[in-house]
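The values are calculated or read from the model by the stated rules, or taken from the named source; none is laboratory data. Bear in mind that the values here come from a model prediction, so they are computed numbers and not experimental data. FYI the Cβ positions are ideal-geometry reconstructions off the backbone, even for glycines, and counts take in every protein chain you see.
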Amino acid sequence: MGEIKLMKGNEVLAEAAIRCGCDGYFGYPITPQSEVMETLMVREPWKETGMVVLQAESEVASINMVYGAAATGKKVMTSSSSPGISLMAEGISYLAGAELPCLLVNVQRGGPGLGTIQPSQADYFQAVKGGGHGDYKLIVLAPSSVQEMNDFVDLGFELAFKYRNPAMILADGAIGQMMEKVELADYKPRWTKEELVEKNGDWATTGKPASRKKNVITSLEMASNDMEVRNINLQAKYRKMEEEDVRYEAIQCDDAEFILVAFGTAARVCQKAVEVAREKGLKVGLLRPITLFPFPKKVIKELARKTAGFLSVEMSAGQMVEDIKLAVYDAGSNARVDHFGRMGGIIPTPTEVVEALEDKFSWELSYGVKRSY
Amino acid sequence: MTEEMIIAGFGGQGVLSMGKILAYSGIMEDKEVTWFPSYGPEMRGGTANVTVIVSDTRISSPVLQEYDTAIILNQQSMDKFEKAVKPGGVLLYDPNGIVHPPTRTDINVFKVEATKASVEMGNPKVFNMIVFGSYLKVRPILSPDNVEKGLAKSLPERYHKLIPLNLEAMQKGREIVEEVHVV
């Protein structure tokens with residue numbers, strides 16, 4: 001068993017990065033994720049593992065430092081909160097286009113604009129649909145506990161290198177600021193150049209020996225035919241992610257007539273809402289997507305055939321609900337999909353969620369559950 | 001066992017650190033714990049509060065509407081959280097600065113004159129530990145041994161010389177807590 005500590009989600013991100021053999025962190029402070037870099041600066045990992053920690057002059061600089069360092073095959077990361085991620089959008093698109101592995105962390109706050117520093121989940125679209133330009137996808141992991149903030153650093157890097165693709169941890173201010181018991185991972189040494197090539201192939205700009213052709217890292221392709229081939233390959237990679245790396249947690253879904261779908265902090269609230277609803281005699285379950293891309297479509301399609309309705313609970317005006325609707329439509333099911341959310345930095349309470357469920361599905365609850373087929 | 005509590009007062013009263021010591025003590029007793037603070041504008045000079053949950057099982061929502069226990073250390077928090085205590089729950093408060101004492105009769109109310117006692121002890125900084133001691137007297141959910149370990153864990157080592165003073169403050173809290181109303 002690893003070392004047990006009481007830590008904030010943001011602090012754990014920093015600790016996990018050091019322990020998983022991260023080579024470099026480039027960032028710029030912003031509430032509510034500033035503790036990530038603060039913790040790194042206090043820990044001084046450059047003395048311990050050789051990891052570089054650098055405060056850049058802006059988010060734009062940070063993401064381009066990540067681009068440069070990732071091109072050398074190093075395990076590098078940055079973190080920010082919503083407005084900062086918007087500033088990074090161009091660089092993220094370039095990283096995806098050049099197929100560079102890296103870890104991005106968004107500890108979301110309420111928007112739009114400068115918004116609020118309180119927790120939000122309104123960057124779902126930005127994270128899973130693009131955010132930057134072009135047809136690209138990030139691998140998006142949504143932690144709902146401090147333990148998962150720890151675990152997803154290593155997992156994020158693993159997936160990023162598996163697919164040569166940026167991975168993002170999409171957290172929110174609550175998970176970042178909250179302290180929980182966490183079991184820390186054991187230290188893994190940073191990869192040597194040889195290990196990097198052995199584990200990930202010889203694509204990075206690690207210094208060209210006479211024996212191989214030069215490795216070129218770019219997202220630019222002047223010939224449209226070549227650019228289309230690149231796009232086709234990217235799409236094939238994204239389909240592979242959908243085949244192999246969907247992650248989710250299903251809580252009491254087996255006999256559920258209504259299913260709450262929620263990720264991150266909202267999923268924690270919904271877990272309690274399931275308890276409250278079950279005490280009232282309502283058969284409610286919770287589906288918690290852990291990967292937001294690849295989205296757990298298949299399980300939603302399966303559930304759509306036996307449940308009367310889905311309620312997407314989000315700290316936003318309703319974004320993930322669109323992906324649920326697509327999956328239910330794909331299933332050919334007439335299960336109803338609705339949304340309940342709070343905005344502006346407010347976290348819904350479990351009672352509010354149950355009341356919303358009773359309100360939005362009052363027909364089904366009054367006249368008996370409408371079976372889908 | 002699940003204890004869902006809120007500790008609320010002014011920034012600087014040691015609300016967040018009291019919660020942290022409680023959470024660490026819970027870990028020492030092999031419990032699941034969650035510590036969720038107010039952060040941002042409300043922390044910068046205004047009211048501060050922290051939700052602490054200690055449980056034998058996996059903790060669901062870190063955000064709650066009602067609490068088993070509320071520790072209330074200013075009037076604003078009294079106005080906000082007296083009504084949020086579950087029927088049969090516990091409200092512990094310091095009467096210093098409280099102009100409208102709690103009126104509910106369906107909860108257990110205790111008071112501790114911790115501000116006064118900390119001044120008498122010659123160290124206003126131990127205020128929160130006096131309150132913490134009172135809390136543990138009223139709600140003995142954790143063993144004193146584990147609380148002592150939790151205290152040591154949550155203090156940086158350079159402050160470990162202050163542990164005896166903190167324990168003394170907690171003892172004081174245990175002694176001076178008064179029952180106001182018991183269901």
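Below is a table of values for the structure above.
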| read-out | value |
| --- | --- |
| Count - residues of the stretch A:172-198 that are acidic (Asp, Glu) and within 14 Å of chain B (Cβ to nearest Cβ) | 3 |
| Count of the stretch B:86-112 residues which are over 19 Å from B:Asn74 (Cβ atoms) and surrounded by fewer than 15 Cβ atoms within 10 Å (Cβ to Cβ) | 4 |
| The stretch A:81-95 - residue that is in contact (Cβ under 8 Å) with a residue 60 or more places away in the chain and farther than 26 Å from A:Met315 by Cβ and, of those, surrounded by the fewest Cβ atoms within 10 Å (Cβ to Cβ) | A:Tyr94 |
| Boolean, A:Ala122 is in a loop (DSSP other than H, G, I, E, B) and either at pLDDT 95 or above or not assigned by TED's automatic domain parsing to the domain that holds A:Ile169 (or both) | yes |
| Residue match in the stretch A:201-216 (condition: more than 14 Å from every other protein chain (Cβ to nearest Cβ), aliphatic (A, V, I, L, M), surrounded by 11 or more Cβ atoms within 10 Å (Cβ to Cβ) and part of a helix (DSSP H, G or I)) | no |
| Conditions (1) at pLDDT 95 or above; (2) part of a strand (DSSP E or B); (3) in contact with a Pro (Cβ under 9 Å, 6 or more places away or on another chain): number failed by B:Gly19 | (2) |
| Complete set of residues in the stretch B:60-103 that are in contact (Cβ under 8 Å) with a residue 24 or more places away in the chain and of a type in the set (Lys, Arg) | B:Lys80 |
| Selection from the stretch A:319-363 of residues that are of a type in the set (S, T, N, Q), within 14 Å of chain B (Cβ to nearest Cβ) and in a loop (DSSP other than H, G, I, E, B) | A:Thr349 |
| Single condition B:Thr47 does not satisfy, out of (1) polar (S, T, N, Q); (2) more than 18 Å from the chain's Cα centre (by Cα); (3) closer than 30 Å to B:Lys116 by Cβ | (2) |
| Positions within the stretch A:217-241 being over 28 Å from A:Val153 (Cβ atoms), not hydroxyl-bearing (Ser, Thr, Tyr) and not in a loop (DSSP other than H, G, I, E, B), in sequence order | A:Asn225, A:Asp226, A:Met227, A:Glu228, A:Val229, A:Arg230, A:Asn231, A:Ile232 |
| Elements of type strands (runs of 3 or more DSSP E) in the stretch B:31-129, at least 3 residues being of a type outside the set (Val, Ile, Thr) and within 14 Å of chain A (Cβ to nearest Cβ) | B:32-37, B:47-55 |
| The lone exception for B:Lys20 - which of (1) more than 13 Å from chain A (Cβ to nearest Cβ); (2) of a type in the set (Lys, Arg); (3) under 24 Å from A:Ile117 (Cβ atoms) it fails | (1) |
| All strands (runs of 3 or more DSSP E) inside the stretch A:1-73 with 1 or more residues being surrounded by fewer than 22 Cβ atoms within 10 Å (Cβ to Cβ) | A:4-8, A:52-55 |
| A:Arg164 being at positive phi and at pLDDT 95 or above | yes |
| Residues (more than 17 Å from A:Leu292 (Cα to Cα), part of a helix (DSSP H, G or I) and more than 10 Å from every other protein chain (Cβ to nearest Cβ)) located in the stretch A:243-271 | none |
| Criterion (hydrophobic (A, V, I, L, M, F, W, C) and surrounded by fewer than 13 Cβ atoms within 10 Å (Cβ to Cβ)) met by exactly one of B:Val182, B:Val177 | B:Val182 |
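Residues are listed down the side, and each one gets a yes or a no for (1) at pLDDT below 95; (2) surrounded by fewer than 20 Cβ atoms within 10 Å (Cβ to Cβ); (3) under 17 Å from the mean Cα position of the chain (by Cα):
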| site | (1), (2), (3) |
| --- | --- |
| A:Val274 | no, no, no |
| A:Glu279 | no, yes, no |
| A:Arg288 | no, no, yes |
| A:Phe293 | no, no, yes |
| A:Pro296 | no, no, yes |
| A:Ile300 | no, no, no |
| A:Lys306 | yes, yes, no |
| A:Ala317 | no, yes, no |
| A:Asp323 | no, no, yes |
